[in-house]
Structures are given as C-alpha cells and as structure tokens.
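In what follows, a single structure is set out as structure tokens and then discussed.
The values are calculated or read from the model by the stated rules, or taken from the named source; none is laboratory data. Given the structure is predicted, the values throughout are model-derived calculations rather than measurements. Quick reminder, even Gly has a Cβ in these numbers, built from the backbone with ideal geometry, and neighbours come from all protein chains shown.
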Amino acid sequence: MPGPLAGFKVVEFAGIGPGPFCAMLLADLGADVLCIARPGGQGAAGPVLGRSRQTVEIDLRQPEGAQQALALVAKADALIEGFRPGVMERLGLGPDVCLAANPRLVYGRMTGWGQHGPLAHAAGHDINYIAITGALQAIGRRGEAPVPPLNYVGDFGGGAMLLAVGLLSALLEAGRSGQGQVVDAAMTDGAALLSAMMFGFKAQGQWRNERGTNLLDGGAFFYDTYACADGRYLALGPIEPQFYAELRQRVGLADDPDFDRQMDPRAWPALREKLAAVLRTRTRDEWCAVLEGTDACVAPVLDWDEAPHHPHNVARHTFVSVDGVVQPAPAPRFSRSTPDAPQAGRPADVAALAELRRRWGVAD
C-alpha cells in the first residue's frame, strides 16, 4: 500500500533547510516530489533532507528553462519555494503565472519574515526569526544569555511543519472548491504559534519573562537535566505529584521532608543541589536501570550516535539506514496506508527523465 499522499505531485524549487524538510515530509508520505535545481546547484539538500525524490537541473534564468519548469508546475498539485519575496516573480514563475497555468495549484512560500512586513526583504536565519517572537529570549539558564535551540524552532517547527500543515489544508480545500491558493508560511509566524502555551501561562500569571525560572524552562529542579558520575546526563520531568513521589522513592529521598516543597519556587535552588548530589553518585546507565521505564519520568540524554540504538527506538524502527546513512524514519505511522521505505535522493538520468515525463505527462 503506498503512502497516504500517493498520487499527489509536488514541484520543489531547491533551497536550504525548511523548504527541503517540508518536501521530505511530503515525499516520506508518498507524494511524488520533483526537485528543480539550478545547474551545478545543491539539488535536494543532501543525503537526508533530499531523500525519496528526484532532482532535475533547469536554468530558470533562461526563458526556455522557466517554461520547462512551468510545464511541470502545470501538472503538479503543489509547489514549494523558499526564495526571498519577489524572486519567483522575476523568474516568471510567481503565483499569478503558475495559478493561471494550473488553477488548482497550491503554491507554498517558505520564508523567514513572510511575504510582507518591514523585514520581508531582509536577510536572516533561524536565530533572527525566533528572536522577535519571544521564543529565543525564553530559552536558556537564569542569568545567562539566551541559547539558540539549534534551528528546530524557526526553520523546522515554525517553518517547515507549518508549511506542511498549510499545504495539506489547502490541498483538502482545493479538492472541494477546485481552486488553488498561495500559502504564506513565515518562520516568525510559526515560531510565535509554537509559543501559544507559554502565552497562555503568562496570561494566567504562571510564567515569568526571566528565563530559567519557570516550570518548563529548567527553573524547576524536577524538570531539568542532571550530570551523573560518568559525566553523562539524565533528563527528569516528574511534574505530577504521583510521578514526583515515584522519583523520590527510587532515588532514596522519600523520607527527606525538604522535598515535600516541590511546588515552592523558593525551595528550588536548595533542592536542586541536594538532588544533583544524589544523582552524581551513580553513572547514567546505572540510574537508568533503576529509573527508566517507570513513572518517575526519567530518560537518558543520548547523543546522535547512541540514539539509534536505544531499545525503544530500535523496537519502533525510529531510525533507518538509507544507503549506509543513519537517519530518522518517516513519521507519523499509519494503520493502513503505510508509506514505502525512504530511498536515497537521486538526479534524474536519461532513463529517469523518460519515466518522469511519462509519469508527469509532460512533453520532451
């Protein structure tokens, strides 16, 4: 059984980061994604983000190249582009032109700042986009500088994931109305949306602007990481009273009355020191033998090499190897329309181009 998006065709204009990630998500779920790259360019963004799709090189700066691309767009259900506002228009492939050629097309635009606004034409990266949403200010230790959370919040969470939601929503609507539309996915908008719960907490007086002082930002001693005897770390998160009681019992702190003050922020610094001293007495894996898999809400902090070998990840096939490259498996899981296993991305050779033309129904 092919994936749930089998039969959908997507044209991806090669880019970096969130655009390719969104295209990978759709390809993972069975969509026929074709990446258009400039001659000698990056293609579909490497061995992981570029998986499960073909790449063709087209010089969009030449009129005949733009027409070749438009012929593919005319056969597509969706389009993904991640250029600055105005670039696709200058190439002759803006929304007006593409929707005229294909009225049902869902035209996905992935940018940091969005298609309009004072910063729309400025350069930027994930760290800049999340900075103006409040998200970056909230991440880090108390009294220290904000910490960039890799590029998860802007590029991938607020950007690619929200673009995918927008594309799929517009495709559903196009199935009813017969009309396509433009999806303007801005990482600033998406990162702000990811902060909805924190804004809710703040409205209830349960969240402070000062980072490292709140329930979920490392301020609470029972929701943090702790070093063990071997220098490796445990991640603790027993928020609920019954889970917290389980942790206390298993680490030998059930009879210490100081730990009765779980929800008293004034006690958090002293309790953190006492708990840290206990957890430093054993190695990470020794503690996991006592705590992991219980209601104490404890897990080992694994590195990139360890994670694929964790028993839970192995049991669920959370990671796969594609042409020798270990990488995350497609997600989520489906009970019936299970997608095919991911394949390495590849440039379209002569034989592949012939098959591509047949599959997409375009002329030579």
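Tell me whether the stretch 132-144 contains one or more residues that are assigned by TED's automatic domain parsing to the domain that holds A101 and over 25 Å from G200 (Cβ atoms).
The initial filter retains those residues of the stretch 132-144 that are assigned by TED's automatic domain parsing to the domain that holds A101, namely 132-144.
Okay, now just the ones that are also over 25 Å from G200 (Cβ atoms), so 143-144.
Yes, the stretch 132-144 contains at least one residue that is assigned by TED's automatic domain parsing to the domain that holds A101 and over 25 Å from G200 (Cβ atoms).
Looking at G200, G212, G140, can you tell me which residue is more than 30 Å from V106 (Cβ to Cβ) and without any contact (Cβ under 8 Å) to a residue 12 or more places away in the chain? Walk me through it before giving the result.
On the way: G212 fails: without any contact (Cβ under 8 Å) to a residue 12 or more places away in the chain; G140 fails: without any contact (Cβ under 8 Å) to a residue 12 or more places away in the chain.
On inspection, the qualifying residue turns out to be G200.
Among the numbered conditions (1) surrounded by 22 or more Cβ atoms within 10 Å (Cβ to Cβ); (2) under 21 Å from P342 (Cβ atoms); (3) under 20 Å from the mean Cα position of the chain (by Cα), tell me where L79 comes up short.
Going through (1) surrounded by 22 or more Cβ atoms within 10 Å (Cβ to Cβ); (2) under 21 Å from P342 (Cβ atoms); (3) under 20 Å from the mean Cα position of the chain (by Cα) one by one, L79 breaks only (2).
Looking at V322, V278, can you tell me which residue is modelled with pLDDT of 95 or more and within 22 Å of D28 (Cα to Cα)? Reasoning before the result, please.
Values: V278 fails: within 22 Å of D28 (Cα to Cα).
On inspection, the qualifying residue turns out to be V322.
Residue by residue, here is whether (1) in the same structural domain as A76 (by TED's automatic domain parsing); (2) under 15 Å from I130 (Cβ atoms) holds:
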| position | (1), (2) |
| --- | --- |
| G158 | yes, yes |
| M161 | yes, yes |
| V165 | yes, no |
| L168 | yes, no |
| L172 | yes, no |
| R176 | yes, no |
| G180 | yes, no |
| D184 | yes, no |
| A203 | no, no |
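Rundown of residues vs (1) touching a residue at least 24 places away in the same chain (Cβ under 8 Å); (2) loosely packed, with under 12 Cβ neighbours inside 10 Å; (3) in a strand (DSSP E or B); (4) not small (G, A, S), yes/no style:
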site: L275; (1), (2), (3), (4): yes, no, no, yes
site: D295; (1), (2), (3), (4): yes, no, no, yes
site: D303; (1), (2), (3), (4): no, yes, no, yes
site: N313; (1), (2), (3), (4): no, no, no, yes
site: V326; (1), (2), (3), (4): no, no, yes, yes
site: P332; (1), (2), (3), (4): no, yes, no, yes
site: S335; (1), (2), (3), (4): no, yes, no, no
site: A341; (1), (2), (3), (4): no, no, no, no
site: A354; (1), (2), (3), (4): no, no, no, no
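Would you mind stating whether L271 is closer than 14 Å to D224 by Cβ, in contact (Cβ under 8 Å) with a residue 40 or more places away in the chain, outside any loop (DSSP other than H, G, I, E, B) and touching a Lys or Arg at 6+ places or on another chain (Cβ under 8 Å)?
For L271, the condition - closer than 14 Å to D224 by Cβ, in contact (Cβ under 8 Å) with a residue 40 or more places away in the chain, outside any loop (DSSP other than H, G, I, E, B) and touching a Lys or Arg at 6+ places or on another chain (Cβ under 8 Å) - is met.
For the stretch 31-109, which helices (runs of 4 or more DSSP H) that fit wholly inside it have 3 or more residues that are of a type in the set (A, V, I, L, M, F, W, C) and in contact (Cβ under 8 Å) with a residue 60 or more places away in the chain?
Working: elements: 63-73, 87-90, 95-101.
So the answer is 63-73.
The rows are residues; the columns are (1) surrounded by fewer than 17 Cβ atoms within 10 Å (Cβ to Cβ); (2) assigned by TED's automatic domain parsing to the domain that holds G345; (3) of a type outside the set (K, R).
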position: L26; (1), (2), (3): no, yes, yes
position: D32; (1), (2), (3): no, yes, yes
position: P47; (1), (2), (3): yes, yes, yes
position: R51; (1), (2), (3): no, yes, no
position: Q67; (1), (2), (3): yes, yes, yes
position: L70; (1), (2), (3): no, yes, yes
position: A101; (1), (2), (3): yes, yes, yes
position: G114; (1), (2), (3): no, yes, yes
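What residue, among those in the stretch 257-268 that are touching a residue at least 24 places away in the same chain (Cβ under 8 Å) and in a helix (DSSP H, G or I), is nearest to D224 (Cα to Cα)? First the steps, then the outcome.
Taking the stretch 257-268 and keeping what is touching a residue at least 24 places away in the same chain (Cβ under 8 Å), we get 262, 265, 268.
Keeping just the survivors that are in a helix (DSSP H, G or I) gives 265, 268.
Values: P265: 14, W268: 12 Å.
Only one residue fits best here, namely W268.
Take the residues in the stretch 116-165 that are acidic (D, E) and crowded, with 22+ Cβ neighbours inside 10 Å, then tell me which one is farthest from the chain's Cα centre (by Cα). Reasoning before the result, please.
Filtering the stretch 116-165 down to residues acidic (D, E) leaves 126, 144, 155.
Pick out the ones that are also crowded, with 22+ Cβ neighbours inside 10 Å and you get 126, 155.
On the way: D126: 12, D155: 7 Å.
Filtering the stretch 116-165 for residues that are acidic (D, E) and crowded, with 22+ Cβ neighbours inside 10 Å, the one farthest from the chain's Cα centre (by Cα) comes out as D126.
Checking P146 against (1) touching a Leu at 6+ places or on another chain (Cβ under 6 Å); (2) in a helix (DSSP H, G or I), which single condition isn't satisfied?
(2) is the only condition that P146 fails.
In the list A307, A296, which residue meets the criterion of being under 22 Å from A229 (Cβ atoms) and in contact with an Asp or Glu (Cβ under 6 Å, 6 or more places away or on another chain)?
Details: A307 fails: in contact with an Asp or Glu (Cβ under 6 Å, 6 or more places away or on another chain).
On inspection, the qualifying residue turns out to be A296.
What residue, of L275, L271, L291, L279, is touching an Asp or Glu at 6+ places or on another chain (Cβ under 7 Å) and farther than 20 Å from I139 by Cα?
Values: L275 fails: touching an Asp or Glu at 6+ places or on another chain (Cβ under 7 Å); L291 fails: touching an Asp or Glu at 6+ places or on another chain (Cβ under 7 Å); L279 fails: touching an Asp or Glu at 6+ places or on another chain (Cβ under 7 Å).
The match here is L271.
Given the condition touching a Leu at 6+ places or on another chain (Cβ under 8 Å) and either under 22 Å from R280 (Cβ atoms) or in a loop (DSSP other than H, G, I, E, B) (or both), answer yes or no: does some residue in the stretch 229-237 qualify? Break it down stepwise before answering.
Filtering the stretch 229-237 down to residues touching a Leu at 6+ places or on another chain (Cβ under 8 Å) leaves 234, 236.
Then drop every residue that is not either under 22 Å from R280 (Cβ atoms) or in a loop (DSSP other than H, G, I, E, B) (or both), which leaves 234, 236.
Taking every residue of the stretch 229-237 in turn, at least one turns out to be touching a Leu at 6+ places or on another chain (Cβ under 8 Å) and either under 22 Å from R280 (Cβ atoms) or in a loop (DSSP other than H, G, I, E, B) (or both).
Please work out which residue is surrounded by the fewest Cβ atoms within 10 Å (Cβ to Cβ), limiting yourself to the stretch 204-236 and to residues that are closer than 19 Å to R266 by Cα and of a type in the set (G, A, S). Talk me through it step by step, then tell me what you get.
Step one: of the stretch 204-236, the residues closer than 19 Å to R266 by Cα are 205-224.
From what's left, of a type in the set (G, A, S): 205, 212, 218-220.
Working: G205: 7, G212: 17, G218: 18, G219: 20, A220: 21.
Only one residue tops the list, namely G205.
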